[in-house]
Structures are given as structure tokens and as C-alpha cells.
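Single-structure report; data block below.
What follows draws every value from the coordinates through simple rules; no lab data is involved. All of these numbers come straight from a predicted model, not from anything done at the bench. Cβ atoms come from the backbone with ideal geometry, glycine included; neighbour counts cover every protein chain shown.
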Amino acid sequence: MSSARFIKHVGRGAFGRVDLVELTSVDGSLQRAARKTQPNKGPVCARHFAQEVRGMRLASAGSPFALHVLGSIEGPDSLELFTEYVPGGSLGDQLDLAASENPQSTKRPHLLLPLDQLRKIAFCTLHALPFGVLGDGSQPPQRAG
């Protein structure tokens, strides 16, 4: 994880930034990942980060729509969370797009399926918001391979 090669900046949130990176596995294969980086402001911040990582791991075990955690790094100055990367933005982006299109759009009901699946496994975290579920825009959002 520490040898992640930066590809591009994806976004910024209230707590940090998200970048698209490329990871090299032990066998030499490459994998794209989303890296969320936030400052480590002390033990409370590190504890909340560990809870987020644990929550995401539990959610991905019970839903095909939640992102898998690839790893995390807790450094003295920063906290980094690596998840699988799905191009195309989030479910929130797709809901915004569907709302701006024809009100009779057939896309809208399909976009709610991932949220229903997360609700069924009682995935209760701020990251269950539509902007925390990713998809490629060509079909209903789902977890990448």
C-alpha cells in the first residue's frame, strides 16, 4: 500500500481527499484503487478511522454493492484507506443526473436498489449515503469484481 502510484485526484470531502492510485501486488500485477487520505489528529481520530475501516469490511461482506477495503495505513501524520475503485462516480452523482433527466426516467428505480440492499443488512454509517456507493453509469451501481 505504501508504494501506491498516484494517478489523479478524484475529490475532496469534509475530512480529507480521495485519489485514484495504482497498487502493485506481490505477484507484480497492477490494481487501481481509491485512496482516502485524512490527517491523523490523535487517538480519537485514529479510533474513528479504525471503526470506519471495520464497518466497511463488514458491509462489503454482506452486500454486493459495498466497496471492498483493500487495506489501510495508520501513520503518525495521516490515515489512508484503500478501497476498490469503480469509475463513473457515485450513486449520488447518478441520482442527480437521473433527477435532471426526464422525470419518467426508468433509471431512477434501479439506482435505489443498492441502498435497499445496504438497508437490508443494517449498514448504518454516514458512508451509506448515495455519494458513498460507486458505479460506472452504464448499469445500476454495484461492487466491482
Inset, instruction - Between Leu58 and Gln31, take the C-beta separation as r, use R0 = 22 Å, and let me know the FRET efficiency to the nearest 0.05. - result: 0.50
Inset, instruction - May I ask for the net charge around His48, where only other residues with Cβ less than 14 Å from the Cβ of His48 are counted and Lys, Arg are +1 while Asp, Glu are -1? - result: +2
Legend entry - Cut-off under 5 Å, modelled amide H: who pairs with Tyr85 long-range: Ala34
Inset, instruction - Note down the nm distance, to one decimal, between modelled labels 7 Å out along Cα→Cβ at His9 and at Ala50. - result: 3.2
Inset, instruction - Counting other beta carbons within 10 Å of each Cβ, put Thr37, Thr83 in order, fewest first. - result: Thr37, Thr83
